[in-house]
Amino acid sequence: MAPWPDVDFAAFGPVETKSLSRIQGLVASYLARNWVMIPHVTHQEEADIDGLDEVRAKLSVTTGVKITPLAFMVKAAVAALKAHPQFNASLDRSGRQLIQKKYFHVGIAVDTPGGLLVPVIRNADSKSVPELAAEIGEVSAQARSKGLSLERMSGGCFTLSSLGSIGGTSFTPIINAPELAIMGVTRAFQKPVNLDGVLAWRTMLPLSLSYDHRVINGADAARFCLTFARELTLYANGKQL
Ligand code: CAO
């Protein structure tokens, strides 16, 4: 590779130099490695989540837990991993052996003042939406206040990166190696959709799935996203929680 440009920025105007935080430094090295070593492709999809806000609001009242869309996305990730087990695997260091996982641990990207942390929700398949929401709330608060142990951030099968509370229409999340895929989520929006010949305004959630093209092909990714999206639509229509 060409050497990194060595520029004297002060020659062009006033500047200030700051060190990266410890977390930023670590994350930067992992992200750079993953981006360079994994052939990423990002597949885009939209999930019809019309009605999910009402389901969330009711559930928040009955359980006393703040239910955000992310808890439903963890459930959707588990459903998609079960239906498409090739996503619930990792390549070994040699890149020649695929390790199939029989457990469902889902990482969630949390934006903290010190940098990006990814706590892992273990055995997400055996937890209800309110249990997941409570755990996401607790672990993201801990990530922001005290940080997280390495143990709390290891063992993930698949990661969710939600920018939905901030904005965006799509992005290219970087895979959290040795996982094979990551689902990026941006802000839900309203759009007219043809429902059995009738045009209806629906709330749509943009999904951006980056996957490791060494192991996963585009057709698999398209099917995975459809399962993920359908699961969210089922929850929005009152699927048992
Ligand atoms: N569309 C519209 N609104 C959304 C939404 C979406 N996709 N996702 C969340 N919201 C809303 C929530 O419903 C909530 O609104 P109400 O208070 O009215 O219910 C509000 O946004 C705030 O949600 P939240 O941030 O408290 O909860 P969350 O579950 O959506 O997210 C967490 C939690 C920890 C993932 C988030 O705070 C965070 O850190 N996100 C950044 C992740 C990141 O940096 N990713 C990029 C990494 S690089 O790949």
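The values are calculated or read from the model by the stated rules, or taken from the named source; none is laboratory data. Please read these numbers as outputs of a predicted model, since none were measured by experiment. Backbone-built Cβ (ideal geometry, glycine too); neighbour counts: all protein chains shown. These area figures cover heavy atoms from the full protein model, side chains too; ligands, DNA and RNA do not enter into them. Shrake-Rupley method; radii C 1.70, N 1.55, O 1.52, S 1.80 Å.
Restricting attention to the stretch 118-127, which residues are in contact with a Leu (Cβ under 9 Å, 6 or more places away or on another chain) and open to solvent by less than 10 Å² (accessible area, probe 1.4 Å)? Across the stretch 118-127, the qualifying residues are Pro119, Ile121, Ala124. The condition of being touching a Phe, Trp or Tyr at 6+ places or on another chain (Cβ under 9 Å) and either of a type outside the set (Lys, Arg) or exposed (fewer than 12 other Cβ atoms within 10 Å of the Cβ) (or both) holds for Leu52. Residues that are closer than 21 Å to Gly114 by Cβ, open to solvent by less than 30 Å² (accessible area, probe 1.4 Å) and not in a loop (DSSP other than H, G, I, E, B) within the stretch 136-181 comprise Ile136, Val139, Ser140, Ala143, Thr159, Leu160, Ser161, listed in sequence order. When the test is whether a residue is open to solvent by less than 50 Å² (accessible area, probe 1.4 Å), under 24 Å from Pro206 (Cα atoms) and modelled with pLDDT under 95, Thr68 passes it.
Are any residues in the stretch 182-208 more than 10 Å from the ligand (Cβ to nearest atom) and assigned to a loop (DSSP other than H, G, I, E, B), and if so, which ones? Passing the criteria: Asp196, Gly197.
Return yes when Leu81 is touching a strand residue (DSSP E or B) at 6+ places or on another chain (Cβ under 7 Å), surrounded by fewer than 17 Cβ atoms within 10 Å (Cβ to Cβ) and farther than 20 Å from Ala188 by Cα and no when it is not.
Considered against the rule, which asks whether it is touching a strand residue (DSSP E or B) at 6+ places or on another chain (Cβ under 7 Å), surrounded by fewer than 17 Cβ atoms within 10 Å (Cβ to Cβ) and farther than 20 Å from Ala188 by Cα, Leu81 comes out as no.
Hey, among the residues in the stretch 150-176 that are of a type outside the set (D, E, K, R) and more than 13 Å from the ligand (Cβ to nearest atom), which one's nearest to the chain's Cα centre (by Cα)?
First pass over the stretch 150-176, keeping only residues of a type outside the set (D, E, K, R): 150, 153-176.
From what's left, more than 13 Å from the ligand (Cβ to nearest atom): 150, 153-158.
Numbers: Leu150: 19, Met153: 14, Ser154: 15, Gly155: 15, Gly156: 12, Cys157: 11, Phe158: 8 Å.
Per the criteria, the residue is Phe158.
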